Each structure stands twice: as C-alpha cells, then as structure tokens.
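What follows is calculated from the coordinates using simple rules that are stated; it is not laboratory data. In this text, all values refer to a predicted model and were calculated from it rather than measured experimentally. With ideal geometry, Cβ positions are generated from the backbone for all residues, glycine too; neighbour counts draw on all protein chains shown.
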Amino acid sequence: MRIAVFFSLFLALAAQAEETPRGAARSHSKTGEDFFKQGRFAEARVEFEAAFALSQEPDLLFNVAKSYEREGSIKEALGAYDRYLALRRDDTETAARVQRMRESLAPAAPILPAPPVSSQRSPWRIVGIAALSVGVAFLGASLGTGIATELDRQSLAGGTLTYSQAMTTADRASKTRAAAFACGSVGAALVITGIPLLVWR
C-alpha cells in the first residue's frame, strides 16, 4: 500500500516537473503579449526571449523580431527574423518581407555631380569666329566694290561722258572689278575655313 502511494506521488511530481517549463514559457509569452499591446516593446522582447529559451517555439522568435521592429531597431529585427526563418523555412511570406526590409536598408547609389561645363572657348573655335568675321567683312567689301563697278559700267554705257571722263571711269571700273573679285575670293575662303573651326569643339 505504501509502495503504491509513493509511486503515485512520484508520478505526480514527475508530471509537475515536466509541466513546469511549459507553464513558465506560457507565462512569459502571455506577459510578453501584454507588454506588446501596451507598447512596451523592449520588455515584451525580454519576455518572448525567456519563453523561447524554455520552449524553443519558433513563433516566439517572430514575436521578438516584431518587438524589435516596432522599436525601430530594424537591423536587430532582421537578426531575429533570421533566427525564426532558420526554424520555419516554409514561411515564404515572412522571408519575402525580410528581403524587402533588407533592400530598403541598402545604401542608395550616390548621385555624382555633373562635370562642370568649361566656360573657356576652344582656341580653334576662336580662330573660326575670327575667320568668319573677317570673311564676312571681305564679302561686304566685295559687294561694295562690285556695286561701284556696276555704276561705272552704266556710266560708260550711257555715252554721256567725255573721252577723259570715260578713260578715268574705265580705269576705275577695272580696278574696282579686280578688287571686288579679290575681296570676294578671300572672303569666301575665310568663311569656308571658319565654319568647320566654329563647330569643332
């Protein structure tokens, strides 16, 4: 009879000893949940960690991670999520969310400033501008002398000049015609040379 009583007492104590860690884990988990609801995330995290140490239940690590996340400690939250996913590899939804969190923490590529635009003109561009300017001036002179030549030609054709005046006008027309041709040639050459230099950078 005494043996039976002692044996029953032993079984009861053994069952109680087996139940104590689980009960303590549930107690820590419940306290952690209460703290979490109150916004006391650091204290909730401590309780969830204590519950996990007793029960090794992966969901408690998820709660630890959520507590870190609500605290704003994203790097620590990622570490806790990694511990959780190591035990719950089938939770693809959480794994995808953790990946997005990691990507959001990755430093953005620096935006390099645009290279400064040089305000200094190319020497060849300056030469091109000068050539065009002088060329246009020569073409203008060619046009002017050409007009003068045409007026002299018209005077000669009119037949109103004396012999002396006609000779002077003809001589002048010959010279202005030659000058117009020379100015036109030089001006055209300078313009043709200056345009490529102007656009060459």
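Working only within region 62-85, note down all residues that are touching a residue at least 24 places away in the same chain (Cβ under 8 Å) and under 17 Å from K30 (Cβ atoms).
Matches in region 62-85: F62, N63, K66, S67.
Within region 34-44, count every residue that is free of Cβ contacts under 8 Å to residues at least 24 places away in the same chain and either basic (K, R) or in a helix (DSSP H, G or I) (or both).
6
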